[in-house]
Amino acid sequence: MAMAMATAQEENPTPLPFVSETSLSSPNPPIPTSNSVYTRPPTAEELTTLPQITDYIPFSAWAVIFAGAFERFTYFGLIAPWQNYIQNPRFSPSLPGALGLGQASATNISNAFFLVSFVTPMLFAVISDTRLGRYKTLMIGLSCYLAGCVVLVCTSLERALDAGAGLGGLIGSMVLVALGAGCVKACFVPFLGDQLKGGQERVERRGGRLVVVSPDRTLQFVYNAYYWFTNIASLSSIPVTYLEREFGFWQAYLLVTVALAVGIMLFVFWRTKFVKIEPQGNVLPEAAKTLSCAAKNGFKLDHAKASYQETTFGRTVPWSDGFVEEIQKGLVACRVIFSLLVFYLVISQMYNNLVSQAGSMQLSGIPNDLPQAFSGVACIIFGPLIQGLYSLLAKHRIKFGPVARLTAAFIFCGLSMAYAAIVQHLIYTAPPCYSHPFRCPASIDGKEPNTVLIWVQIPVYFLLAIGEIFGFVTAFEYAYSKAPKEMKAVVMAFSQLTAGLASVLGMAISPAAKDPNMVIMYGVLAGFMGATAGLFWWKFGELDKMERKLNQGHEDPSVMSATSSRLFVYQNLVTAGSKPATLGQATGLILPSN
């Protein structure tokens, strides 16, 4: 039946409106008046005058997003109780706990976990890009992840804690979860990007009007959607924190373990539907040789190009000019991403020091590690609003490029730390223990916090959420769009390596993360974040003007000349089953015979 239908279509092709040779030679080839298979790249004028829209999102991309949401449900549900689990002793009269190692040790251990989870992506990225491909690597990482969750559930049981297995189980679990999370950080975002069609901009008629379908806006939309769903998933910290307080830690960890198992089942069930880009060989040695050649030629990558080497030294190199330009784009992305160092350090405060800050306040009946969930709530609220802002700016052709968005992220994160310093000052000036919460006789053996309501802290998470939306989504988009196609996971892993360095920095300052130093610490972070915003814009602001060139590479086929646009018309006519007598008639060119 399908073959018969295909034959019928070949014999009776879909009729296209008449396209004359004169119209084909026009700089702006016509578009059919009805919706059809006809598309073509835009001219330079159309890029600035026609509205730009997102492409259709394939189902495989949505499946990846949903599976990723289950993984993020697990991740945030795991880390939310860790500060209490490590810091507070069992049977504490005021807060739930298990190991009783204190705030500084708890912050240090959590930073060590973040460090491992941010360093391991490079290992999995190399495996993904050179050996196994992203899907197989993801499945290996998720298996480690699930094993770590099971270990944590078992060793957080009351009987296991009585036997002294808590600390050893936590460390073993953290190692396995860090490996799994590292794999997800390296491979998941590129795997999601792989599900999209990609390609160049094209003109289509939709809803009776001409539009430019933009792969860049499509990628931005998909990553915003992914981030929005993951923030819904991050609300796992709400049930988890209540479970830890009312029933125990193992029930909380069991919930998130089941969620991860569901996410893995989605990856397995839909495995035949996913776009799986197989590795094209190991390009890392060739990239290293290219960089070495550039270093020997005055640290200029242009001097490593094959054309330069041949004309200047008469030397033939095994790489092309295009490969060198891909490396150049990747290095630009790495330089921009490395600037997120302080940004990552500020974001990590949600999972350690801000939890401890909340613990020294009047909790009004809620767990002290619950307020971080307000960051997810804020992302759910502000995510669509910011996506709407992007659409509004695009409609009015106002550029708000990735560097501008990252600068905005830095500013909001700086404001959040400034506000956190104000909250800490309020705590230190409130009775009963002032600058030493819980450590005075008036606290009645550590039962009475200072008289500042926890709701005062909530704006910190709202400011951080806006910073996250501008920052994380843009970092995803920038790393994927600028990376060489054979090294996308490696460049994504570099962004996680930057986050790992932020964890090292967090470990370095963790001895100072204790009362009565916290006002100064938050103030210093705010100052560094503000300085980073200014320096970042001064150094990289010009890149927004080069955004299209960076995304398209050394050749910009989306801005079509009249000849190439006419050629594309010919190709569409051939695809539809109706073509001019010769290619020359369509393009106005006389081509040499082979």
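The values are calculated or read from the model by the stated rules, or taken from the named source; none is laboratory data. Keep in mind that this is a model prediction, so the values were computed, not measured. Glycine also receives a Cβ, built like all others from the backbone with ideal geometry; neighbour counts cover every protein chain displayed.
Structure summary
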{"quantity": "Members of region 446-480 that are surrounded by 23 or more Cβ atoms within 10 Å (Cβ to Cβ) and small (G, A, S)", "calculated": "A465, G467, G471, A475, A479"}
{"quantity": "Residue pairs meeting the criteria (Cβ under 9 Å; at least 6 apart or on separate chains; first at pLDDT 80 or above, in region 193-207; second part of a strand (DSSP E or B) and not β-branched (V, I, T))", "calculated": "E201/Q52; R202/R40; V203/R40; V203/L210; E204/R40; E204/L210"}
{"quantity": "Some residue of region 408-420 being more than 30 Å from L219 (Cβ to Cβ) and either free of Cβ contacts under 8 Å to residues at least 12 places away in the same chain or among the small types (G, A, S) (or both)", "calculated": "yes"}
{"quantity": "Top-ranked residue of region 482-520 - restricted to ones that are more than 16 Å from G182 (Cβ to Cβ) and β-branched (V, I, T), ranked as surrounded by the most Cβ atoms within 10 Å (Cβ to Cβ)", "calculated": "V519"}
{"quantity": "Test: Y56 is under 30 Å from F114 (Cβ atoms) and modelled with pLDDT of 85 or more", "calculated": "no"}
{"quantity": "Selected residue (only one of F118, F124, F59, F70 is in the same structural domain as S173 (by TED's automatic domain parsing), in contact (Cβ under 8 Å) with a residue 24 or more places away in the chain, surrounded by fewer than 16 Cβ atoms within 10 Å (Cβ to Cβ) and over 18 Å from F438 (Cβ atoms))", "calculated": "F59"}
{"quantity": "Filtered residue count, region 256-276, keeping only those that are under 21 Å from L157 (Cβ atoms), surrounded by fewer than 17 Cβ atoms within 10 Å (Cβ to Cβ) and in contact with a helix residue (DSSP H, G or I) (Cβ under 8 Å, 6 or more places away or on another chain)", "calculated": "1"}
{"quantity": "Selection from region 312-341 of residues that are assigned to a helix (DSSP H, G or I) and either within 22 Å of D515 (Cα to Cα) or aromatic (F, W, Y) (or both)", "calculated": "F313, F323, F338"}
{"quantity": "Count - residues of region 83-98 that are hydroxyl-bearing (S, T, Y) and buried (at least 23 other Cβ atoms within 10 Å of the Cβ)", "calculated": "1"}
{"quantity": "Which listed residue, of A418, A394, A404, A408, is in a helix (DSSP H, G or I), modelled with pLDDT under 85, surrounded by fewer than 21 Cβ atoms within 10 Å (Cβ to Cβ) and in the same structural domain as F229 (by TED's automatic domain parsing)", "calculated": "A394"}
{"quantity": "Residue, farthest from K514 (Cα to Cα), within region 344-391, restricted to residues that are of a type in the set (S, T, N, Q) and outside any helix (DSSP H, G or I)", "calculated": "S364"}
{"quantity": "Filtered residue count, region 91-142, keeping only those that are at positive phi and within 22 Å of the chain's Cα centre (by Cα)", "calculated": "1"}
{"quantity": "Within region 277-298, considering residues that are at pLDDT below 85 and part of a loop (DSSP other than H, G, I, E, B), the one surrounded by the most Cβ atoms within 10 Å (Cβ to Cβ)", "calculated": "V283"}
{"quantity": "Qualifying residue in region 163-175 (condition: in contact with a Lys or Arg (Cβ under 7 Å, 6 or more places away or on another chain) and in the same structural domain as A493 (by TED's automatic domain parsing))", "calculated": "no"}
